[in-house]
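Input: a single structure, listed below in structure tokens.
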Amino acid sequence: MIRSSVFRVQACFFACILATMALGLAGCDSFQQRLRFLDLSAGAEFSDARFYVRAGAPERTLSSRDVNYDGTVDLNREQSKLDYFYSVGFFPGPVPFVGSDGIGDYMRMSFTLNSPRTFRGTLHNYPDDGRVTTNPMTATTNLLFPLPDALGRRTEFVFEEYRAYITLFFPHFRSENWYFGIGHSFGQSRYNLDLLEGTNRVASSRNAWMALHALQVVYGYRIGRFFEEGLFHQTYLYFELIADSPNRTRLDVNLQRADGLPAASLYYRNTYTRIGIRKTVDLWTTDSVVKEREEIEKQLEEEDRRTGDEEGTEEEINKAEEMLEEKEKAEQEKPLELTPDEAKGPL
């Protein structure tokens with residue numbers, strides 16, 4: 001019940017951000033101008049997916065497990081994964097209701113939809129180290145002092161997710177050929193999770209949603225300056241770092257320990273280090289070119305028609321002048337005819 005309420009609050013918060021962005025865009029003089037630039041990104045990334053539980057006060061004080069600075073305990077080992085990625089989104093624009101004046105000139109907002117990702121690995125000593133006991137004291141001791149990873153319980157995981165989020169950059173600096181921004185990303189992640197022990201699936205979650213919050217740092221350089229015309233004109237080479245916040249919603253997994261008590265809540269976070277190419281596409285460019293081409297063709301046709309009319313008029317005038325000249329010449333060459341009285345001459 002508590003988790004459901006938290007999810008509703010986070011979903012409402014994300015919906016409010018989207019509504020605010022939409023209203024701000026709708027209030028602009030040109031709605032199409034705000035959404036006409038689409039960002040297409042692709043490249044290589046290092047990702048480090050971490051699954052963890054939150055350590056209680058006894059664990060932070062007495063446990064032999066490695067507790068992180070933020071009071072969490074990692075369940076899987078560090079394993080950086082190199083993979084390709086692609087994403088689509090809208091070009092960072094002014095923040096709705098803030099504009100580009102004053103401090104708004106250093107603020108930008110963007111939207112991104114990432115490609116799906118799949119992670120596989122092993123969770124150690126989750127939901128417990130595998131030792132079965134009904135003694136509460138022994139169970140507590142086993143929790144505080146679990147078996148080494150090589151001897152403890154091993155659970156394989158398969159995790160798939162894709163993300164959609166809005167990033168608010170502040171500060172954001174830019175010039176004609178580069179940009180740099182630091183921002184916070186808020187959004188949602190849709191995921192599938194399977195936990196396996198041997199050939200048995202001990203837990204599964206399908207099409208579940210999880211709220212996102214991450215810190216993002218990005219720097220881009222416009223390599224399109226060397227290609228003033230063509231495909232790479234509005235193209236950037238960029239470096240990006242995205243680190244998920246540890247303050248996350250727990251995964252939708254329900255397991256029991258060997259002593260019959262519910263397992264600790266399972267959490268997930270990731271860190272992405274990316275280098276790639278970002279291409280800005282004008283969604284209205286094709287239509288504009290076609291319209292301009294049609295207008296040019298119409299103008300050429302009109303000019304040809306006018307030229308043809310003018311040539312036809314000149315030909316008619318020339319013909320009329322020739323006919324008039326021929327008529328005058330014929331009249332001059334015609335012999336003079338006298339009347340009978342003029343032929344008799346003077347008396």
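The values are calculated or read from the model by the stated rules, or taken from the named source; none is laboratory data. Please read all numbers here as calculations on a predicted model, not as lab measurements. Note that we place each Cβ from the backbone using ideal geometry, even for glycine, and neighbour counts take in every protein chain shown.
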Determine whether H213 is within 25 Å of R120 (Cα to Cα), modelled with pLDDT of 90 or more and in the same structural domain as E45 (by TED's automatic domain parsing). yes
Elements of type strands (runs of 3 or more DSSP E) contained in the range 42-152, each with 2 or more residues being among the β-branched types (V, I, T): 72-74, 117-124
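A quick yes/no check of all residues on (1) more than 23 Å from T249 (Cα to Cα); (2) within 26 Å of the chain's Cα centre (by Cα); (3) touching a residue at least 12 places away in the same chain (Cβ under 8 Å):
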residue: L113; (1), (2), (3): no, yes, yes
residue: R117; (1), (2), (3): no, yes, yes
residue: L123; (1), (2), (3): no, no, yes
residue: P136; (1), (2), (3): yes, no, yes
residue: T141; (1), (2), (3): yes, no, no
residue: A150; (1), (2), (3): yes, no, no
residue: R153; (1), (2), (3): yes, no, yes
residue: F159; (1), (2), (3): no, yes, yes
residue: I166; (1), (2), (3): no, yes, yes
Can you pull out the residues in the range 100-130 that are polar (S, T, N, Q) and farther than 30 Å from L82 by Cα? S100
Working carefully through the options N200, N192, N247, find the one that is surrounded by 15 or more Cβ atoms within 10 Å (Cβ to Cβ), out of contact with any helix residue (DSSP H, G or I) (no Cβ under 6 Å at 6 or more places or on another chain) and not hydrophobic (A, V, I, L, M, F, W, C). N192
Filter result (surrounded by 15 or more Cβ atoms within 10 Å (Cβ to Cβ) and touching a helix residue (DSSP H, G or I) at 6+ places or on another chain (Cβ under 6 Å)) within the range 145-171: I166
Of (1) free of Cβ contacts under 8 Å to residues at least 60 places away in the same chain; (2) within 20 Å of D39 (Cβ to Cβ); (3) touching a His at 6+ places or on another chain (Cβ under 9 Å); (4) crowded, with 20+ Cβ neighbours inside 10 Å, G220 fails just (3)
Test: residue in the range 53-66 that is modelled with pLDDT under 80 and touching a strand residue (DSSP E or B) at 6+ places or on another chain (Cβ under 6 Å): yes
Collect the residues in the range 112-140 that are among the small types (G, A, S) and under 13 Å from L261 (Cβ atoms), keeping them in residue-number order. A139
